[in-house]
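The values are calculated or read from the model by the stated rules, or taken from the named source; none is laboratory data. Just so you know, these numbers come straight off a predicted model, no measurement behind them. Cβ atoms come from the backbone with ideal geometry, glycine included; neighbour counts cover every protein chain shown.
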Amino acid sequence: MALMEGDTNRRPRRRLTAARLREGVTALSIADRDLATVVARFGEPPLWSRRPGYATLVPIILEQQVSPTSALATYNRLHQKFVEITPSGSPISPNPRRVGLVSRVKKQATAWA
C-alpha cells in the first residue's frame, strides 16, 4: 500500500475493491437497521470505476447539487473553458469563479477561490 503524495497523516491508502465495498456495506448494515433494509431491498451499491483526482471529484460534487444531466452539461462547459480542471483552475485561463459557469454553491463546494 503506497502513500499518496502530500499525505500528511502517513496512513496508507487502500483501493476500494468489490470485496472491501461488500465488507463496508455489511458492517454498516449491522450497525444501521434502516440501511440493512435498503440493502436487502435494493442490493449493494454498485462499484463505479472512476479515475482518481480532482477532475473526477468535480462532476461528483456537481451531481449532488443538480441532476446528472445538468451536472454533465456544467462540467462540459467548464472543460471547454479550462484546459484542465484543477483546484486552482487552469494556469492559462481566468479564475472559474469569475466566468459565471457555475453557481455560488458549486463554486464553494469545489473550493475555487
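Structure notes:
- Residue that is assigned to a loop (DSSP other than H, G, I, E, B) and modelled with pLDDT of 85 or more, where the choices are Leu47, Leu3, Leu35: Leu47
- As a summary of the residue check, Trp112 satisfies the conditions (1) among the hydrophobic types (A, V, I, L, M, F, W, C); (2) modelled with pLDDT of 80 or more; (3) in contact with a helix residue (DSSP H, G or I) (Cβ under 6 Å, 6 or more places away or on another chain) except for the one numbered (2).
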